[in-house]
Amino acid sequence: VPQNLSQTPVLRELLKEAKMPGTTVKIESPELSEPQLIKLDQPGPLTLAMYQFLTEMQETKKGVITPKELFAQVCKKAIRFKGYQQQDSHELLRYLLDGMRAEE
(Lines give C-alpha, C1' and ligand atoms only; values in the text may rest on other atoms or scores of the structure.)
Protein backbone atom coordinates (compact mmCIF):
# COMPACT_ATOMS: atom_id res chain seq x y z
CA VAL A 1 0.00 0.00 0.00
CA PRO A 2 2.62 2.65 0.95
CA GLN A 3 4.68 1.82 -2.15
CA ASN A 4 1.65 2.50 -4.36
CA LEU A 5 0.85 5.75 -2.56
CA SER A 6 4.46 6.91 -2.85
CA GLN A 7 4.14 6.65 -6.63
CA THR A 8 1.10 8.94 -6.72
CA PRO A 9 2.54 12.37 -7.63
CA VAL A 10 -0.70 14.28 -6.92
CA LEU A 11 -0.88 12.88 -3.39
CA ARG A 12 2.78 13.67 -2.71
CA GLU A 13 2.34 17.26 -3.94
CA LEU A 14 -0.86 17.80 -1.94
CA LEU A 15 0.78 16.47 1.22
CA LYS A 16 3.82 18.66 0.61
CA GLU A 17 1.58 21.72 0.38
CA ALA A 18 -0.71 20.61 3.20
CA LYS A 19 2.10 20.37 5.74
CA MET A 20 2.28 24.16 5.82
CA PRO A 21 -0.70 25.63 7.75
CA GLY A 22 -2.73 28.28 5.94
CA THR A 23 -1.83 26.99 2.48
CA THR A 24 -4.39 27.41 -0.29
CA VAL A 25 -4.59 24.50 -2.73
CA LYS A 26 -6.05 24.83 -6.23
CA ILE A 27 -7.94 21.76 -7.42
CA GLU A 28 -8.74 21.43 -11.10
CA SER A 29 -10.77 18.66 -12.66
CA PRO A 30 -12.68 18.09 -15.91
CA GLU A 31 -15.81 17.52 -13.78
CA LEU A 32 -15.54 21.00 -12.22
CA SER A 33 -16.70 24.04 -14.16
CA GLU A 34 -13.96 26.13 -12.57
CA PRO A 35 -10.95 25.43 -10.30
CA GLN A 36 -11.66 25.18 -6.61
CA LEU A 37 -9.47 26.98 -4.06
CA ILE A 38 -9.31 25.30 -0.65
CA LYS A 39 -7.57 26.84 2.35
CA LEU A 40 -5.97 24.16 4.52
CA ASP A 41 -5.73 24.24 8.29
CA GLN A 42 -2.86 22.84 10.35
CA PRO A 43 -2.41 19.21 9.25
CA GLY A 44 -3.13 16.53 11.83
CA PRO A 45 -0.62 13.98 13.14
CA LEU A 46 -1.68 11.21 10.73
CA THR A 47 -1.33 13.52 7.72
CA LEU A 48 2.10 14.71 8.90
CA ALA A 49 3.24 11.12 9.52
CA MET A 50 2.09 10.15 6.02
CA TYR A 51 3.95 13.09 4.48
CA GLN A 52 7.11 12.25 6.45
CA PHE A 53 6.94 8.59 5.45
CA LEU A 54 6.36 9.25 1.73
CA THR A 55 9.17 11.81 1.72
CA GLU A 56 11.51 9.33 3.36
CA MET A 57 10.58 6.69 0.79
CA GLN A 58 11.39 9.10 -2.06
CA GLU A 59 14.61 10.53 -0.64
CA THR A 60 16.28 7.70 1.22
CA LYS A 61 19.08 5.58 -0.15
CA LYS A 62 18.47 2.93 2.51
CA GLY A 63 16.99 -0.36 1.43
CA VAL A 64 14.54 -0.64 4.33
CA ILE A 65 12.24 2.02 5.73
CA THR A 66 10.22 1.43 8.88
CA PRO A 67 6.87 3.24 9.07
CA LYS A 68 6.82 3.33 12.91
CA GLU A 69 5.26 6.79 13.30
CA LEU A 70 2.75 6.27 10.50
CA PHE A 71 1.73 2.91 11.96
CA ALA A 72 1.40 4.44 15.44
CA GLN A 73 -0.90 7.16 14.07
CA VAL A 74 -3.02 4.62 12.16
CA CYS A 75 -3.38 2.55 15.35
CA LYS A 76 -4.63 5.63 17.21
CA LYS A 77 -7.42 6.00 14.64
CA ALA A 78 -8.12 2.27 14.24
CA ILE A 79 -7.19 0.16 17.26
CA ARG A 80 -7.83 -3.04 15.30
CA PHE A 81 -4.35 -2.68 13.71
CA LYS A 82 -2.50 -2.83 17.04
CA GLY A 83 -0.78 -6.07 17.88
CA TYR A 84 0.87 -6.77 14.53
CA GLN A 85 -1.79 -9.25 13.44
CA GLN A 86 -2.15 -9.83 9.73
CA GLN A 87 -4.63 -7.37 8.24
CA ASP A 88 -6.10 -6.77 4.84
CA SER A 89 -4.16 -4.07 2.93
CA HIS A 90 -7.39 -2.65 1.46
CA GLU A 91 -8.73 -2.17 4.99
CA LEU A 92 -5.51 -0.42 6.06
CA LEU A 93 -5.67 1.91 3.06
CA ARG A 94 -9.29 2.77 3.84
CA TYR A 95 -8.51 3.62 7.47
CA LEU A 96 -5.42 5.58 6.48
CA LEU A 97 -7.18 7.75 3.88
CA ASP A 98 -10.35 8.13 5.97
CA GLY A 99 -8.23 9.16 8.95
CA MET A 100 -6.37 11.76 6.90
CA ARG A 101 -9.64 13.10 5.50
CA ALA A 102 -11.12 13.37 9.01
CA GLU A 103 -8.17 15.58 10.00
CA GLU A 104 -9.02 18.17 7.32
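The values are calculated or read from the model by the stated rules, or taken from the named source; none is laboratory data. Quick caveat, the model's predicted, so the values are computed rather than measured. All Cβ positions, even for glycine, are placed from backbone atoms using ideal geometry, and neighbour counts span all protein chains on display. Calculation scope for accessible area: heavy atoms of the full protein, side chains included, ligands and nucleic acids excluded. Shrake-Rupley method; radii C 1.70, N 1.55, O 1.52, S 1.80 Å.
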Practice task
Assess whether M57 counts as being surrounded by 14 or more Cβ atoms within 10 Å (Cβ to Cβ), touching a Pro at 6+ places or on another chain (Cβ under 8 Å), of a type outside the set (D, E, K, R) and part of a helix (DSSP H, G or I).
Solution key: yes
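Select, from L97, L15, the only residue that is touching a residue at least 24 places away in the same chain (Cβ under 8 Å), outside any loop (DSSP other than H, G, I, E, B), aliphatic (A, V, I, L, M) and surrounded by 13 or more Cβ atoms within 10 Å (Cβ to Cβ).
Being touching a residue at least 24 places away in the same chain (Cβ under 8 Å), outside any loop (DSSP other than H, G, I, E, B), aliphatic (A, V, I, L, M) and surrounded by 13 or more Cβ atoms within 10 Å (Cβ to Cβ) holds for just one of L97, L15, which is L15.
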Problem - Leading residue by the ranking (farthest from G99 (Cα to Cα)) among those in the stretch 37-56 that are modelled with pLDDT under 85 and touching a Ser or Thr at 6+ places or on another chain (Cβ under 8 Å) - result: L37
Handout entry: Residue list for the stretch 1-12, restricted to those being open to solvent by 80 Å² or more (accessible area, probe 1.4 Å) and closer than 23 Å to K76 by Cα
Key = Q3, N4
Practice task
Would you check if there is a residue in the stretch 18-41 being open to solvent by less than 70 Å² (accessible area, probe 1.4 Å), closer than 17 Å to P2 by Cα, touching a residue at least 24 places away in the same chain (Cβ under 8 Å) and of a type in the set (A, V, I, L, M, F, W, C)?
Solution key: no
Fill in the blank from the handout: Residues of the stretch 60-91 being over 13 Å from Q3 (Cα atoms), open to solvent by less than 50 Å² (accessible area, probe 1.4 Å) and modelled with pLDDT of 80 or more, in sequence order, are L70, A72, Q73, V74, C75, E91
